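Colleague: My questions will all concern the structure given below.
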Amino acid sequence: MKNILLFVLLFISASTNAQEIKYESKNGDLVLYEITGNEPCLARKNLEVFQASGTTALVCEVNDYSCFISGKRMMLLWDEHHYYDGEIIQNPIGKCAKQIGVYRYQTIAKYNNGMPKYKTVPIVSILDK
């Protein structure tokens, strides 16, 4: 009986922490989640655009340093706005950057055996807190 109760509790815990997938690309490089409104804020400060591409931009949270400092957490901002490199995106009052998915991309770096290296970053959008 204890084992069944433990299994049920673990199943419920895993189900509440799992994100429901709204869309996944064929190769799995782009995954978008169903948004519930309860997602935590990944960034509460202004965002700096590191690299823009139309309505998406690789961004990081602005502190006292720029995105070019290593160790910054990069995020892919997905919105209806067209961005440009170096743009500072003001964080509106009552809103923050929330994760809406994940994006995996190939870097220019390669492993010793010639295989490409990949990075995975959260996809965020500016939403109500």
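The values are calculated or read from the model by the stated rules, or taken from the named source; none is laboratory data. Keep in mind that this is a model prediction, so the values were computed, not measured. In this analysis, Cβ positions are derived from the backbone assuming ideal geometry, glycine residues included, and neighbour counts consider all displayed protein chains. Heavy atoms of the whole protein, side chains included, go into the accessibility calculation; ligands, DNA and RNA do not. Shrake-Rupley method; radii C 1.70, N 1.55, O 1.52, S 1.80 Å.
Colleague: Name the residues in the range 30-39 that are touching a residue at least 40 places away in the same chain (Cβ under 8 Å), open to solvent by 30 Å² or more (accessible area, probe 1.4 Å) and over 16 Å from residue 95 (Cβ atoms), would you?
Modeller: 30, 32, 33
Colleague: In addition: Can you give me the number of residues within the range 97-126 that are over 14 Å from residue 76 (Cα atoms), among the hydrophobic types (A, V, I, L, M, F, W, C) and in a strand (DSSP E or B)?
Modeller: 2
Colleague: Could you please let me know if residue 124 is open to solvent by less than 60 Å² (accessible area, probe 1.4 Å), more than 22 Å from residue 63 (Cα to Cα) and at pLDDT 90 or above?
Modeller: Spelling it out, it is not the case that residue 124 is open to solvent by less than 60 Å² (accessible area, probe 1.4 Å), more than 22 Å from residue 63 (Cα to Cα) and at pLDDT 90 or above.
Colleague: Among the listed residues 42, 58, which satisfies the condition of being surrounded by 14 or more Cβ atoms within 10 Å (Cβ to Cβ), within 22 Å of residue 129 (Cα to Cα), at pLDDT below 90 and touching a Pro at 6+ places or on another chain (Cβ under 7 Å)?
Modeller: After applying the criteria, what remains is 42.
Colleague: Considering only residues of the range 86-111 that are among the polar types (S, T, N, Q) and open to solvent by less than 80 Å² (accessible area, probe 1.4 Å), which is farthest from residue 41 (Cα to Cα)?
Modeller: The residue in question is 107.
Colleague: Being modelled with pLDDT of 85 or more and either part of a helix (DSSP H, G or I) or open to solvent by 100 Å² or more (accessible area, probe 1.4 Å) (or both) is the filter here; which residues of the range 1-23 pass it?
Modeller: 20, 22, 23
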